[in-house]
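These notes are about the structure you will find just below.
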Amino acid sequence: MNKDIWTGAGSLIRLFLRKDRLILPVWVIVLALLPLGYGSSIAELYPSEEMRARFVGTIASNPAMAAFYGPVFGSSVGALAAWRSSLNLIFVALASALTVIRHTRTDEEAGRRELLGATAVGHHAGLTAALIVVFSADLAVGLLMAAGLIGTGLPAAGSLALGLSMAAAGWVFAAAAGVAAQLSEGAGTARSMTVTALGLVFALRAVGDVGESGGMGWLTWLSPIGWMQRVRPYADERWWPFALALGAVAVLTATAYRLSARRDIGAGIVPPRPGPAAAGPGFRSPLALAWRLQRGALYGWSAGFAALGLALGGVAKSAADGLAESPQLIDILEKLGGSSGLADTYFAATMNILALAVSAYAIQAVLRLRTEETEGRAEPLLATSVGRLRWAAGHLLFALAGPAAALAAGGLAAGLAYGLSAGDVGRELPRVLAGALVQLPAVYVPAGIALLLFGLLPRLAALSWAMLAAFLLLGQLGALLGLPDWALDLSPFTHIPRLPGGDVSFPPLLWMLLLSAALAAAGLSGWRRRDLRP
Amino acid sequence: MPAIELNKLTKYYGKHLALNQVDLRVEQGEVYGFIGPNGAGKSTTIRILLGLLRKDGGQARVLGGDPWRDAVTLHRRLAYVPGDVSLWPNLSGGEVIDLLGRLRGGMNPKRRAEYLERFALDPTKKCRTYSKGNRQKVALVAAFASDAELFILDEPTSGLDPLMEAVFQQCVREVKAEGKTVLLSSHILAEVEALCDRVSIIRQGRIVETGTFAELRHLTRTSISVETALPVAGLSELPGVHDPVVEDGGTRARFAVDAGELVRVVRFLAPFGVRSLVSAPPTLEELFMRHYGEGIEAGGERR
C-alpha cells in the first residue's frame, strides 16, 4: 500500500480530539466509573460471603437474569460487580461505534471530508484517525476502571481483566462501525446498522446463556460480548478470549480499509434507492417534515423500551424473591422508599433508570433544532411562510410525545411481563405503567434546559449532554459517595414519587412541569428574537 | 412602492461591522444586481431581508412590510434561493420541491414539471446523492415554480454548468416579463450585466457604486490582447482606450477599452492585419483592484 494514504492522520486526530473535547472525556469517565459504584454497593448490600452465595444462587436459578446480565462466575464482591457491569460492555461498544461513525461517515455526508480530502490528507487518514482516537479512549476506559477497582481493594488481576474486557468490546464495535461507515452513504443508516449488530450480538449471548443446559451455549461464542464475559474477571480469569476479540478487531479493521480503498469519497458500497418524484399529499407542514426526520428515533426507542420492559418485567418476580433473602437489604429499601412490596421498589428504581435513558432521547429531539440550524436546512424553511415557533413546534412535539411513548411502551411491556409471572395482570399492569409515566416531568426538565440553551446560547447547546451525565452520576453514585442532600436534589430524577407502591406527591411533579414550561418558554422566546446562527 | 428599500442598514456580528449604512432601492418589476466579492455582506443583507437576521440600525422594507415582524406573511409573496443549498439527505428532490412550494403557499404543478424538464433534474434521487449544482437546481425549481412576486436569489448559479446557467438566465427574463421583481446577488459581473437593469456594488459592508450599466460604463471595460502583422501606431490616442501596453515593436498590444468604444477600436485595428484577438470582460476582482483597491483597508471595521 502507498504510504501517502495515511498522511495527515496526525492532524485529524488533533482535530477530532478538539471537536470532542467535551463529550469524549465525559463518556470515558462515566463508563469507567460505573462499575466502581456497583462494586461498592454490592459490598454494602451483601457484606458476608454467605449472603453473596445465596444471592448468586437466586441469580443462577433465574433464566431472565442470565438473559439480561449473563452468567455469574463467582460469589466474591469482584465477580458480582463484574456480572452487574456486563451491560457496561454494551455501553462502551455503543459509545465507541457512534464516535467512529461521527468522525467518518457523518463528516463525509456533510461534505467536510471532501474539503479535507483535497488537502494533504491521505485516503485512509479519516478512518485511521477515528479508529486511533476511539481505540485510545477505550483503552483509557479500561485502564481507568482497572485502576479504580484496584483502588477500592479488589484483586489486581481481576480488575485488569474487567477493564480490558470493556476496552476490547469497544475496539470490536469501533472496528465494526468502521466497516458500516464504508457501506452506506448515510450516517443514519450506518448508525442503525451498528446498533442492530449490537442488538444481535446481545441477543446471541442472551439466548446462548439461557439455553446453555439445552445445548445452545455455542451461540454465546458467536458474540463478542459473550467472549468478554467469558474472561471471568475475579473468578479464575481466562485471558485467551482476548485473542478472539483482537482477531475480530483485525479482521473488521482490514475489511474497513479494503472497502475504503474501493470506494469514492461520499459514495457507499450499498447503492442508494431512488425516492418518490413527488411528495405525498400530507407532506405539507413542518410537523410532517419533523415526522419524517424523527420517526426512526421514535420507533427505535419505543421498540427498544418495549423489549427492555419485557426483560425487566420478566425478571421482577425472581428479583424480588432474591432481594427478600437479604434482610439487611429489606431494611435499606424500606428506609429509602417506605414501599410495601419489594417488586414495587424494584420497578420504581428501574423506571427511574429508564427515565434517565429516555432523557437522552428528549435532548436529542430538542437538539435536532440546532442541527437543522447549523446544517443550513432551517434557512430555506424559514424563508417560506413558516414562522419560527411553528418550525420549532414540529420537532418539539417529538421531544414531548416521544419520551412519553417510549416510557409507555416500557411500562406496558414490564407490567404485562410482571403481571403474567405474578398471575395478576389486571392489578400489576396499570401500577407499573403509572410508575413509568410518573417519570415524565423529570424527563422534561433536561429537555427544557436543552431548549433554553438552544434559544439563548445556541453555540453551547451541546452542554445539555454534560448536564445529563451529571444527573446520571448524581443518581447512580451520589448517595454512595455520600454527597449532601442539596447536591442530590439538583437532579430532577431525585424528586419523582416512588411508584408503584409509594405515595403520590403532586407538588414536586407540578413544580417540575412548571419549571420545564418556564425553561421552554424562555428558550423559545430567545429563539424568536435571535439571529439564525449556522 | 419599491419592492425592497434599505436605508442606512447596519449589522454587527459581535464587534465586527458586517453592514455599514447600506442603502438599496429595488423597484417593482426590475431585475436588480447585487454584486461584490465573497464576504462583502451580500448574504447578510439578504438574510436581513428574509427576517433570518435582525438589523442593528437603519430601516428595511420588503414589499411594503417589515422583514422581521411580518416575515411569515411576506414570505408567501417571495421566493428565495440560498447560495449554499443544504437539503435533507433522505428526502428525494421532488419531495423537497413540493414541501418548499407548499410551505410557501402553493405552487403551479405545470410549471413544476416544466422547470424540472428545463433544468434536467431527476426528482427521484435522494438529496444526499445530489451534487452542489443539483441541490441548487432543486431550490431553483422550487422558486421558479412558485407564484412569488419577488425573487431573492443569492449567488444562484455558483454550482451550475454554462448550459444550465443559460437556462437560468432565460428563467429570470421570463419572470421579469411577467412583471416580477428579482434581486440577484452575484460575484460574476457578466451574469449581472446580462440580466440586470440596475446594480449596486457592495464591498466590506458598504455600497460603493449604484446605478444602471450605462451609468457604470466606466466599470465595464473589456480587456483586449491583440497580435498584428504590422506595428500598431496611434492606439493610445483613441478615445476609450486605457492602459495600453505595446510590445514586440508594436505587433503585440494589451489594453482595456470602454464597452461603447469597442466597435471603433476593432475598425481601427483591422488595417494592421489582425492575427489574433482575445477579448475578456473585466473580472470583478480587477474592477475592485482598479477602482477601490486604495482607500479601503483590508478586513472589517471595528466597533
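The values are calculated or read from the model by the stated rules, or taken from the named source; none is laboratory data. Note that this is a predicted model, so its numbers are computed, not measured. Cβ sites come from the backbone with ideal geometry, for glycine too, and all protein chains shown count toward neighbours. Heads up: the accessible areas ignore ligands, DNA and RNA and are worked out on the full protein's heavy atoms, side chains in. Shrake-Rupley method; radii C 1.70, N 1.55, O 1.52, S 1.80 Å.
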Exercise. Please go through the range A:210-237 and pick out each residue that is of a type outside the set (A, V, I, L, M) and at pLDDT 90 or above.
Key: A:TRP221, A:SER223, A:PRO224, A:GLY226, A:TRP227, A:GLN229, A:ARG230, A:ARG232, A:PRO233, A:TYR234, A:ASP236, A:GLU237
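Tell me which helices (runs of 4 or more DSSP H) are completely within the range A:275-381 and hold 2 or more residues being modelled with pLDDT of 85 or more, or say none if there are none. First the steps, then the outcome.
Working: elements: A:286-324, A:327-337, A:342-374.
The qualifying helices (runs of 4 or more DSSP H) are A:286-324, A:342-374.
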Quiz item: Pick from B:ALA143, B:ALA177, B:ALA139, B:ALA148: which is at pLDDT 90 or above and open to solvent by 60 Å² or more (accessible area, probe 1.4 Å)?
Solution: B:ALA177
Quiz item: Can you tell me which residues in the range A:479-534 are in a loop (DSSP other than H, G, I, E, B) and within 14 Å of chain B (Cβ to nearest Cβ)?
Solution: A:ARG530, A:ASP531, A:LEU532, A:ARG533, A:PRO534
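Does A:ALA522 satisfy the criteria of being touching a Gly at 6+ places or on another chain (Cβ under 9 Å) and surrounded by fewer than 14 Cβ atoms within 10 Å (Cβ to Cβ)? First the steps, then the outcome.
Numbers: touching a Gly at 6+ places or on another chain (Cβ under 9 Å): yes; surrounded by fewer than 14 Cβ atoms within 10 Å (Cβ to Cβ): no.
So A:ALA522 does not fit the description; no.
Condition (residue is over 24 Å from the mean Cα position of the chain (by Cα), among the aromatic types (Phe, Trp, Tyr) and assigned by TED's automatic domain parsing to the domain that holds A:ALA392) applied to the range A:467-480: is it met by at least one residue? Write out each step before concluding.
Filtering the range A:467-480 down to residues over 24 Å from the mean Cα position of the chain (by Cα) leaves none.
No, the range A:467-480 contains no residue that is over 24 Å from the mean Cα position of the chain (by Cα), among the aromatic types (Phe, Trp, Tyr) and assigned by TED's automatic domain parsing to the domain that holds A:ALA392.
Going through the range B:114-127 one residue at a time, which ones are within 10 Å of chain A (Cβ to nearest Cβ) and surrounded by fewer than 20 Cβ atoms within 10 Å (Cβ to Cβ)?
Step one: of the range B:114-127, the residues within 10 Å of chain A (Cβ to nearest Cβ) are B:116, B:122-127.
Result: B:ASP122, B:THR124, B:LYS125.
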Quiz item: of a type in the set (A, V, I, L, M, F, W, C) and either within 11 Å of another protein chain (Cβ to nearest Cβ) or open to solvent by less than 10 Å² (accessible area, probe 1.4 Å) (or both), is that true of B:LEU17?
Solution: no
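Select, from B:TRP68, B:TRP88, the only residue that is within 7 Å of chain A (Cβ to nearest Cβ) and either hydroxyl-bearing (Ser, Thr, Tyr) or not in a helix (DSSP H, G or I) (or both). Step through it out loud before you land on a result.
Numbers: B:TRP68 fails: within 7 Å of chain A (Cβ to nearest Cβ).
Step by step, each of B:TRP68, B:TRP88 is checked, and only B:TRP88 is within 7 Å of chain A (Cβ to nearest Cβ) and either hydroxyl-bearing (Ser, Thr, Tyr) or not in a helix (DSSP H, G or I) (or both).
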Quiz prompt | Within the range A:246-291, tally of residues that are within 10 Å of chain B (Cβ to nearest Cβ), farther than 30 Å from A:TRP391 by Cα and over 28 Å from the mean Cα position of the chain (by Cα) | solution = 2
Quiz prompt | Residue check, B:GLY33 touching a Cys at 6+ places or on another chain (Cβ under 6 Å) and not hydroxyl-bearing (Ser, Thr, Tyr) | solution = yes
Quiz item: In the range A:6-22, how many residues are of a type in the set (A, V, I, L, M, F, W, C), modelled with pLDDT under 85 and surrounded by fewer than 18 Cβ atoms within 10 Å (Cβ to Cβ)?
Solution: 2
Quiz item: Of (1) farther than 24 Å from A:LEU514 by Cβ; (2) open to solvent by 30 Å² or more (accessible area, probe 1.4 Å), A:HIS495 satisfies all except one. Which?
Solution: (1)
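Can you pull out the residues in the range B:73-84 that are in contact with a Pro (Cβ under 9 Å, 6 or more places away or on another chain) and within 7 Å of another protein chain (Cβ to nearest Cβ)? Outline the logic, then answer.
The first filter runs over the range B:73-84 and keeps only residues in contact with a Pro (Cβ under 9 Å, 6 or more places away or on another chain), leaving B:74, B:80-83.
Matches in the range B:73-84: B:TYR80, B:PRO82.
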Quiz item: Just one of the numbered conditions (1) assigned to a helix (DSSP H, G or I); (2) open to solvent by less than 30 Å² (accessible area, probe 1.4 Å); (3) more than 10 Å from every other protein chain (Cβ to nearest Cβ) is not true of B:GLY101; which one?
Solution: (3)
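Kindly provide the set of residues from the range B:62-81 that are closer than 30 Å to A:GLY188 by Cα and open to solvent by 10 Å² or more (accessible area, probe 1.4 Å), ordered by number.
Answer for the range B:62-81, where residues must be closer than 30 Å to A:GLY188 by Cα and open to solvent by 10 Å² or more (accessible area, probe 1.4 Å): just B:TYR80.
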Quiz prompt | Scope the range B:21-65; condition away from chain A (no Cβ under 14 Å) and of a type in the set (D, E, K, R); matching residues | solution = B:ASP23, B:ARG25, B:GLU27, B:GLU30, B:LYS42, B:ARG61
Quiz item: Hey, among the residues in the range B:151-167 that are among the β-branched types (Val, Ile, Thr) and not in a loop (DSSP other than H, G, I, E, B), which one's surrounded by the most Cβ atoms within 10 Å (Cβ to Cβ)?
Solution: B:ILE152
